[in-house]
Every structure is written in structure tokens, then in C-alpha cells.
Amino acid sequence: MNFDNIKNEKQKIISQMYSDLENTKEPERYFTDQNIEECSADLDKYVELLSKANHQQKEISKNIKWIFKSLSTFKEENEDPEFLWGFIYNGYTVELTDFILSTAFEFGLEKAKAKNIKTNIFHIKHNPHFLDTFRIYIGSTSNSGVVLEYKKKKSCFEFVENPYGETYGIPIFNLKSNHDYSELSFDVLTAGAFKTINLKAQKAIDKVLLKTIWSISQKNPFTNLPEPDFCNIEIELSKGVLTHLKTLNYDKKNKIINMFTKGSGILALVQELDATGGFQSSDNLAPHPEIVDEKFVIVDAVPDWKYYEIQQLEIKDNVVFVTTKNQKCEYENKNNFNVVCSEIESKTLKYEVKTYDFMLEILNDILPSTEPFKSRFES
């Protein structure tokens, strides 16, 4: 065990903190000399605890949990822990995570068995004008999966951990893909354990999305600033079926275009039907008849809110074409939440999508490849 190397690596981090503090104007400082001293003492204690763990994995895991918790706040009396102002989540995530991980390995941390996640659900959020530019949820269910967020300034993905309610990124290591992108794996040090996570594609379209993650990790698609009118995009797939597609459009002045206005974005979603044959309204808090069916619909709110069941979704260049079935559903009147449906001729709605090329590539891959929507009530 080379304690001198461990001590030197720790001192590099502490010295960097002091240097950053000195070179930051006082009004812009978010930590103090005392915070650095406490961080140094906590890291020393962490090393001491590991030295007493005697290679016991439960003890090492317990010590990792302790150091993450200790460095997640600055221990101020009026500091709410859910905001996590500490060094581990603000400013020195990579440096401290690397130190915690490498030191734990020095004292016998073993790599755990891979956690396998079937890619039943993908949920992509792309907000070009915000810090969380690209985030993707991949899970076997809607609440059993992982969230990866791309950090455009660092040109890498981070694992999003949510210990107290806020979201903070943790570095991932050894991101790998097999030859056909049916499996994507990475290592991550979360609060308490060093985990290997293995994502396993279940459908052909899943491979396309895992390849997208890999491609973005190899080349930053956000080197150029977005145009003011680039839209937000949200996509959800469940077992190879598109269940949600939403775009929030902006004008040339980067102002949001209201969905009741011409030029607004796409809102395609799964909508439930009650026993009366009407679409359930989420705005109506009164008791509803029993839900007996569901349909994949497009919302057209110009000038008034109405639904059309989707027959087909396709994209050409940067324009999405939505072909509807021969039914329209809308509110009975402005003061009534009751939704009534009527027969119409099929129509085609067109939506221009202004975004980065890589997002258009994702849409061009997804829309022709997803399986037809099928209600969960169908036998």
C-alpha cells in the first residue's frame, strides 16, 4: 500500500481548491478556506477508515457512502441538504470521484457483478437552450433504469444521481459497446458502490438508440451554439413503440410559440378512453367512467384543442408528416370537460422541426422503425 502516493493525490486536489479560491473574485466564491480544510480532513478520515476495512466489501461500501455524504454539503447550519452545495457535486466532481474510486481500489474494492438492464423504455429530452441539453432515460420499467446526461462543456456523459431530490451528474468510466450496438456498458461510482451497468437492447430500434449514445460520446454534437429557433424535443419509446413525441417551438427571437398559435410544435401521446367512448381529460378532476381503451393521438390546438388518432408518422428532411385516421375528438364546449368524437376525412398535418442534425438523424431513424401502436387493452 503506497500511502505516500495517496497523500500526494489528495494534496493535488486540495492545492487546486486553494488556487481556485485565490483566483476567484470574492463575490463569486462559493466556498471558503474552512470548507477546504474540512474537505482535507474528511479525505484523511476516509483513507483511515479504508485502512481499517480489512478488504471487507460491506465496510468499503459503507465508507464510500460516508465520504459522498460528507462532501455533498459544506455542513452549514442553514444549508438544506437537498441542494448539495458540497465539493463532490459542485466544481470538483471528477477529481474527487477519481480519488475516492482509486483509493478504494487500493484498499481492496472489488468490481461488482454487472447490473443488466433491458432497454424496454427510452425517454429522450433535448433542450438546446438549457444546461441539460441532452438527457436520456433507459430502463426495464418506467422506474427501474438509469439516466445519462450529456455535458456539452465536458464532452461526455454523466450518470444522474438523485439522492435528495435535485439531480447531479457523476462521471462514468469505461463506456463500451459491442460490434452491433446490442449492448452498451459503463462503470460508475455512485453513493455507496462501484457498479457496472450493462444495457441490453430488446428491439432493433434499441440498437439505434444505443448507437446514438455511443456516437455522441465519441464526438460532441453541440460544438456550435443552437439557433434561436431550435426547438425542444421529447421522445419516448416503450418496447419498440413510439408513445410520446413532443416539440416545443421557438421563434427567431427565442420566444416560445404558444401551442394555440400557428407554428407551434408537435404533441403526440397515448390518450385513454373511458367507458363512454370519450377521451379522458387530464384537466377534469371529477370522477371518470372506467378506462377501457387507449389510442395514440396527435393534439391540434390551433385555434381550439382537439385530438386526431394517428394513422402514420413519417419524416422527410426536417418535416414530420402526421396522417390521421377518420375521427376527431374535441371538447363539447369551452365550459364543459366532456370530450366528444365525430367522423371526418383523414388529413395530413405537417410540422417543421428545427434542430441539430444529430437530432434529425435520431428522428429519421426512429419514425420509420418503430412498431405500430397497440392498445394495452387489446387481446
So which residues in the stretch 342-360 are of a type outside the set (A, V, I, L, M, F, W, C) and without any contact (Cβ under 8 Å) to a residue 40 or more places away in the chain? SER342, GLU343, GLU345, SER346, LYS347, THR348, LYS350, GLU352
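For every residue, the table says whether it meets (1) within 14 Å of the chain's Cα centre (by Cα); (2) among the hydroxyl-bearing types (Ser, Thr, Tyr); (3) surrounded by 13 or more Cβ atoms within 10 Å (Cβ to Cβ); (4) over 23 Å from LEU237 (Cα atoms).
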residue: GLY108; (1), (2), (3), (4): no, no, yes, yes
residue: LYS113; (1), (2), (3), (4): no, no, no, yes
residue: LYS118; (1), (2), (3), (4): no, no, yes, no
residue: ASN127; (1), (2), (3), (4): yes, no, yes, no
residue: PHE134; (1), (2), (3), (4): yes, no, yes, no
residue: GLY145; (1), (2), (3), (4): yes, no, yes, no
residue: TYR150; (1), (2), (3), (4): yes, yes, yes, no
residue: LYS154; (1), (2), (3), (4): no, no, yes, yes
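Looking at this structure, is GLU9 free of Cβ contacts under 8 Å to residues at least 40 places away in the same chain and at negative phi?
Details: free of Cβ contacts under 8 Å to residues at least 40 places away in the same chain: no; at negative phi: yes.
Judged against the criteria, GLU9 is not a match.
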Among the numbered criteria (1) part of a loop (DSSP other than H, G, I, E, B); (2) of a type in the set (D, E, K, R); (3) more than 10 Å from the chain's Cα centre (by Cα), which single criterion is violated by ASP187? (1)
For the subset of the stretch 102-133 comprising residues that are part of a loop (DSSP other than H, G, I, E, B) and of a type in the set (Gly, Ala, Ser), which member is modelled with the lowest pLDDT? ALA112
For the stretch 289-307, the count of residues that are in a strand (DSSP E or B), in contact with a Ser or Thr (Cβ under 7 Å, 6 or more places away or on another chain) and surrounded by fewer than 19 Cβ atoms within 10 Å (Cβ to Cβ) equals 1
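The values are calculated or read from the model by the stated rules, or taken from the named source; none is laboratory data. Everything numeric in this text was worked out from a predicted model, so none of it was measured. Here Cβ is always computed from backbone atoms with ideal geometry, including for glycine, and neighbour counts include all displayed protein chains.
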